[in-house]
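> Next up is a structure, given as structure tokens.
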């Protein structure tokens, strides 16, 4: 039976780099993001994308029965429990952690018009946005319910960048996978250090985003950030 590894996290938290590292280790087949239907944050159903098309998509990728298969989509963590119900004996989950304040700024720097940061100082949390606040709330909810997941681990992206050999070894150990050290060293070449934004500016239009960042930072053990309005 193919073991299925799902990697999730808030957008800009390091999911793509983590998938790249694990794919380069060579123990798993992999694919790109499954993004169909993920643009509606207010969709009321617990399964979005739809359950059966997603199951069929995964099973199609696993039809050749690789030992492991991995998939990354940033918002995937919102459905970890439902995915576990589909494959209770063969699903594994990784949730990326990155300082919530840095993650939000990184998002707003990438899409300034979308997040209302166009023309603002570069390190600014300027606007609440449904998609981002949904994922911040979802990350907090997952933290509180993580014991419901049988094979789950957090990966702190700052640690993966600071001590990559140790961090990758711990991830593979958690999965029960052996990868030679020489292969691990080659795989780590895709890692780039995440941006840090120590001089945050918070505008009065972003109260919900700031509150959610503060709450999630506390849950995950990140320091609270002093910011000016």
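> With a 10 Å radius around each residue's Cβ, average the other Cβ atoms per peptide and rank 164-176, 115-127, 69-81, highest first.
Values: 164-176: 15.7, 115-127: 18.2, 69-81: 21.8.
Highest-to-lowest ranking by the protection proxy: 69-81, 115-127, 164-176.
> Provide the FRET efficiency to the nearest 0.05 for the residue 81-residue 111 pair, computing r from the beta carbons and using R0 = 25 Å.
Details: r = 29 Å, r/R0 = 1.16.
The pair residue 81/residue 111 has a calculated efficiency of 0.30.
> Of all DSSP beta bridges in the chain, what percent run antiparallel (nearest 5)?
On the way: 0 of 20 bridges.
Expressed as a percentage, antiparallel bridges in the chain total about 0.
> Here's something else I'd like to know. Sketch the reach of a paramagnetic label on residue 134 as a point 7 Å from Cα along Cα-to-Cβ, and name the residues of the range 87-126 whose backbone nitrogen lies under 18 Å away.
104, 107-108, 111, 114-116
> Given contacts defined as C-alpha pairs under 8 Å and at least six residues apart, what's the relative contact order of the chain, whole-number percent? Present the calculation step by step, with values, prior to reporting the outcome.
On the way: 348 pairs, mean separation 64.5, N = 229.
The value is 28 percent.
> Could you work out the helix-only [θ] at 222 nm for the chain, with each DSSP H run of four or more residues adding -39,500 (n - 2.57) and the total divided by the number of residues, to the nearest 500 deg cm²/dmol?
On the way: 10 runs with 98 residues, N = 229.
That comes out to -12500 deg cm²/dmol.
> Taking Cα pairs under 8 Å and at least six residues apart, what relative contact order does the range 40-176 come out at, in percent? Please report the intermediate quantities before stating the final value.
Numbers: 88 pairs, mean separation 38.1, N = 137.
Relative CO of the range 40-176 lands at 28 percent.
> Right, here's the next one. Let me understand the range 159-229 better: what is its radius of gyration from the alpha carbons, and its Dmax, in angstrom?
When restricted to Cα atoms, the range 159-229 yields Rg and Dmax of 17.4, 51 Å.
> Let me ask something else. Any idea how far apart residue 189 and residue 118 come out in nm if each label point goes 7 Å out from Cα toward Cβ?
Placing both labels 7 Å beyond Cα along the Cβ direction yields 4.0 nm.
> Dividing the alpha-carbon Rg of the chain by 2.2 N^0.38 Å yields what?
Numbers: Rg = 17.8 Å, N = 229, 2.2 N^0.38 = 17.3 Å.
With N residues counted in the chain, Rg over 2.2 N^0.38 Å equals 1.03.
> Stokes-Einstein at 37 °C, 0.692 mPa s, Kirkwood radius from Cα pairs: D for the range 54-108 in µm² s⁻¹? Walk me through the numbers on the way to the answer.
On the way: Rh = 13.3 Å.
Calculated translational D: 248 µm²/s.
> Pulled fully out, how much extra length does the chain show between residue 178 and residue 143, if you take 0.36 nm times their separation in residues and subtract their Cα-Cα distance?
Residue separation times 0.36 nm, minus the Cα-Cα distance, leaves 9.8 nm.
> Sorted by average packing, counted as other Cβ atoms within 10 angstrom per residue and highest first, what order do 141-154, 88-101, 5-18 take? Provide the component values of the computation, followed by the final result.
Details: 141-154: 14.2, 88-101: 21.4, 5-18: 23.8.
Order by mean packing, descending: 5-18, 88-101, 141-154.
Where a number appears in this text, it was derived from the coordinates with a stated rule and is not lab data. As the structure is a computational prediction, the values presented were derived from the model and not from experiment. Methodologically, a virtual Cβ is constructed for each residue, glycine included, from the backbone with ideal geometry; neighbour enumeration extends over all protein chains shown.
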